[in-house]
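**Q** Can you read through this structure? Questions will come right after.
Read-outs: derived from the displayed coordinates by stated rules, not from any lab. Source: prediction; values computed, not measured. Cβ: placed from backbone, ideal geometry, glycine included. Neighbour counts: every protein chain shown.
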Amino acid sequence: MLGTMMRFPLTLSAMLEHAGKLHGEVEIVSRLPDKSLHRHRYADLYRRAHRLAEALAKAGLKRGERVATLMWNHYAHVEAYFGIPAAGGVFHTLNLRLSPDDIAYIANHAGDRFLIVDDVLLPLYERFRDKVKLERVFVVSLTGKPVPQGYEDYEAFLKTASGDFRFPELDENEACGMCYTSGTTGRPKGVAYSHRSMVLHTMAISLPDVLNFSMRQTLAPVVPMFHANAWGIPFGAVLTGAKLVMPGPHLDAESLLDLFSREGVTCAGGVPSIWLGVLDLLRRERAKYPLPPNMRLLVGGSACPEAMLRAFDELGITIIHAWGMTEMSPVGTMGTIKPRLDQADADTRYAYRAKQGIALPFVEVRVINDEGEAPWDGASVGELQVRGPWVAASYYNPEEKSRTWTEDGWLRTGDVVNIDAEGYIKITDRTKDLIKSGGEWISSVDLENALMGHPAVLEAAVIAIPHAKWQERPLACVVLKKGASATAAELKDFLAAKFANWWLPDAIEFVEEIPKTTTGKFQKTRLREQFKDYRLAS
């Protein structure tokens, strides 16, 4: 027996229609390169995304063809998020922090036909334009300067539309967007998101016990829109009618706090390295930035140290810990505390909040080790594997068979975790970052988070160094806060109160900075290369 419900496809076009008709007066505020503020409304988004869709159709864009974007976070990028798929195309966000060669490879592999690019990023595009086969390039003038000769003006392109355009009827399983992994192992790999997966992901992250998006919120995606759909925050804003505040290229702590306080941002999302700078500035100049009460910061990309949770709590700002992957659209878990844990002592609650959280509805998780599927006992570790309606089942046009998926169709995340009886996931390491010492495993993540709890430490990364007797031993690379001081012996004593003696780093090196990936994660491959000849005492 079949149900009697209508067949109504879940598409981004339907989300756009809803926002344009019911939330037209809600603002989209963008900070431009000169730090001025540009203001649009959802009514403008609705109208201009329509025009973009029509202009692309008139330019000959066919169903499923890719339109690349090389842009910061601002109003025109949001238009591309909706206008391109509304035309039946696929928006493909290019990561401007990758090398020109990698960007060219990604654009060619995806088969991008058109490109929309910020004028301030034309120097970057010029570095790989001869390596790609793009038919037309549309330039968004964020500076107000004329578009250089040889390029097409984005605003003029929109004016080629009549404004009388009906979106094509789309199948919800058609691709709407693409994003490539950062390529830490081998070439970057493409993930193609469907309309259905994007809508379901957006609805899930907007739930009260997830990110609690609503028309009463003001949301700021600090995470770039070229990285994993800005964690779905722009889509969540449009779905719920929340005000959207876009920081553009200005991601320093002073610029962010100024924008948050001016626009009343209630929830912002970014990687820990961004929030560490914000925390440091707030501690010094809290009165200068009047933030909304009960402000929330979404943290993902890498583990959030417990010390950061506590420090922001003292400032009246709540950290929400999340975990996900490009292959997962990207959010898979959220560190929301269950009501039954409300009565636990403060240390217990912080320990739970420092974990990666519980799986979102419809995301299934399991832990696999040499013995098979591990129990949820908070101790048994193995690789985290996931599946769900917004989890990729394969890469786009793979060059070779991938080991990223199991034979029975689960995504292998590469994260080593345990899951407790409440369902909270704790990442203990990446499979490639675990340290095996004397046959026993040491978690670099646990050591890093503990070190970053020391009042003098800004950042810390722990890597494995070969050892003649123990196979591998931990080396800690530490960045001290400006004006702070600490010795290696002092930091070891600090760790000794939390870990067994054999876990303690054999050496601590003080460095100017920790190398990071384009998404703000610690780039341990570069640290391992930097210290490849390091010799530990026997």
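**Q** To the nearest 20 Debye, how big is the dipole of the chain about its Cα centre, given +1 on the beta carbon of each Lys and Arg and -1 on that of each Asp and Glu? Mind showing how you got there, number by number?
**A** Numbers: 62 positive and 66 negative charges, 172 e Å.
It comes to approximately 820 debye.
**Q** Using only the alpha-carbon atoms, how far is helix 75-86 inclined from the longest principal axis of the chain? Give it as 0 to 90 degrees, nearest 10.
**A** 70
**Q** Based on DSSP, what percent of beta bridges with both residues in the chain are antiparallel, to the nearest 5?
**A** Values: 47 of 85 bridges.
That works out to approximately 55 percent antiparallel.
**Q** Starting from the alpha-carbon convex hull of the chain, give the projected area averaged over all orientations, in nm².
**A** Values: hull surface 108.4 nm².
With the hull built on Cα positions only, its mean projection is 27.1 nm².
**Q** Right, here's the next one. Sort M246, M6 so the one with the fewest other Cβ atoms within 10 Å of its own Cβ comes first. Write out the running numbers ahead of the final one.
**A** Values: M246 28, M6 5.
With the fewest neighbours first, M246, M6 line up as M6, M246.
**Q** Mind checking the dipole of segment 433-530: about its Cα centre, +1 per Lys or Arg Cβ, -1 per Asp or Glu Cβ, Debye to the nearest 20? Please list the in-between numbers first.
**A** Details: 12 positive and 13 negative charges, 27 e Å.
The calculation lands at about 140 debye.
**Q** Relative contact order of the chain: what whole-number percent is it, with Cα pairs under 8 angstrom and at least 6 residues apart?
**A** Rounded, it is 10 percent for the chain.
**Q** Set the Förster distance to 60 Å, then compute FRET efficiency between K21 and K469 from the Cβ-Cβ distance, nearest 0.05. Walk me through the intermediate numbers first.
**A** Values: r = 70 Å, r/R0 = 1.16.
Using R0 = 60 Å, I get an efficiency of 0.30.
**Q** Please compute the modelled spin-label separation between D130 and R286, points set 7 Å along Cα→Cβ, answer in nm with one decimal.
**A** 5.6
**Q** Angle between the Cα long axis of helix 253-263 and the longest principal axis of the chain, 0 to 90 degrees, nearest 10?
**A** Value to nearest ten degrees: 50.
**Q** So how do R51, R535 line up by other beta-carbon neighbours within 10 Å, fewest first?
**A** Values: R51 21, R535 11.
Neighbour counts put them in this order, fewest first: R535, R51.
**Q** Separate question: Among I84, T428, P466, which residue has its Cα positioned farthest towards the positive end of the charge dipole of the chain, with +1 placed on the Cβ of Lys and Arg, -1 on the Cβ of Asp and Glu, and the dipole taken about the Cα centre?
**A** I84
**Q** Can you tell me the 0 to 90 degree angle between the C-alpha axis of helix 272-285 and the longest principal axis of the chain, rounded to 10?
**A** Its long axis makes an angle of about 80 degrees.
**Q** Calculate, in nm to one decimal, what R528 and S380 gain on full extension: separation in residues at 0.36 nm each, minus their alpha carbon distance. Don't skip to the end; give the middle numbers.
**A** Values: separation 148, 0.36 × 148 = 53.28 nm, distance 2.80 nm.
Full-extension gain reported as 50.5 nm.
**Q** Right, another one. What would the Debye formula give as log10 I(q)/I(0) at q = 0.09 Å⁻¹ for the alpha-carbon point model of segment 41-204, no solvent?
**A** Summing over Cα pairs of segment 41-204 leads to -0.28.
**Q** Pull up the cross-link candidates among the lysines for K338, meaning alpha carbon to alpha carbon under 23 Å and not fewer than 8 places away within one chain.
**A** Straight-distance partners of K338: K355, K426.
**Q** Continuing with this model, one more query. By its C-alpha gyration tensor, with a ≥ b ≥ c as the square roots of the eigenvalues, how is segment 39-99 shaped: rounded for a/c under 1.5, else prolate for a/b larger than b/c, else oblate? It would help to have the intermediate numbers written out before the result.
**A** Working: a/c = 2.64, a/b = 1.07, b/c = 2.48.
Verdict is oblate for segment 39-99.
**Q** Can you put H40, H50 in order, fewest other beta carbons within 10 Å first? Please report the intermediate quantities before stating the final value.
**A** Values: H40 21, H50 26.
Exposure proxy ranking, most exposed first: H40, H50.
**Q** Could you work out [θ]222 nm for the chain from helices alone, using -39500 (n - 2.57) per DSSP H run of at least four and dividing by all its residues? Round to the nearest 500 deg cm²/dmol.
**A** On the way: 15 runs with 146 residues, N = 538.
Computed mean residue ellipticity for the chain: -8000 deg cm²/dmol.
**Q** Taking the highest mean first, how do the peptides 78-87, 330-339 order by number of other beta carbon atoms within 10 angstrom per residue?
**A** Details: 78-87: 27.9, 330-339: 21.4.
The densest-packed peptide leads the list: 78-87, 330-339.
**Q** Could you work out how far the C-alpha centroid of segment 335-368 sits from that of segment 270-317, in angstrom?
**A** 20
**Q** Along the positive direction of the dipole of the chain (beta-carbon charges: Lys, Arg +1; Asp, Glu -1; about the Cα centre), which of A537, S182, A68 reaches farthest?
**A** A68
**Q** Specify whether the C-alpha gyration tensor of segment 1-102 places it in the rounded, prolate or oblate class, a ≥ b ≥ c being the square roots of the eigenvalues: rounded for a/c under 1.5, otherwise prolate if a/b is larger than b/c and oblate if not. Can you show the working numbers first?
**A** On the way: a/c = 2.06, a/b = 1.30, b/c = 1.58.
Oblate.
**Q** Kindly work out what percent of the DSSP beta bridges joining two residues of segment 433-530 are antiparallel, to the nearest 5. It would help to have the intermediate numbers written out before the result.
**A** On the way: 14 of 18 bridges.
Given both bridge residues lie in segment 433-530, the antiparallel proportion sits at roughly 80 percent.
**Q** On a full-extension model of 0.36 nm per residue, what is the gain between E373 and E254, subtracting their alpha-carbon distance, rounded to one decimal in nm?
**A** Working: separation 119, 0.36 × 119 = 42.84 nm, distance 4.68 nm.
Length gained between E373 and E254: 38.2 nm.
**Q** How high is the relative contact order of segment 41-204? Use alpha-carbon pairs under 8 Å, at least six apart in sequence, and give a whole percent.
**A** Dividing the mean separation by the residue count of segment 41-204 yields 24 percent.
**Q** How far apart, in nanometres, would the label points at E422 and Q343 be if each is projected 7 angstrom from Cα along the Cα-to-Cβ direction?
**A** Roughly 1.4 nm, to one decimal.
**Q** Mind checking which aspartates and glutamates have their Cα closer than 17 Å to the Cα of K159? Skip sequence neighbours fewer than 8 apart in that chain.
**A** Straight-distance partners of K159: D44, E54, E79.
**Q** So which GluC sites (Glu not before Pro) in segment 21-66 pass both tests, a DSSP loop state and at most 13 other Cβ atoms within 10 Å of the Cβ?
**A** Qualifying residues, ordered by number: E25.
**Q** When a/c is below 1.5 the answer is rounded, else prolate if a/b is larger than b/c, else oblate, so apply that to segment 433-530 with a ≥ b ≥ c taken from the square roots of the Cα gyration tensor eigenvalues.
**A** Note, shape of segment 433-530 comes out oblate.
**Q** When the Kirkwood radius is taken over all Cα pairs of segment 384-494, what Stokes-Einstein diffusion coefficient follows at 37 °C and 0.692 mPa s, in µm²/s? If you can, show how the numbers build up before the last one.
**A** Values: Rh = 16.8 Å.
Once the numbers are plugged in, D ends up at 195 µm²/s.
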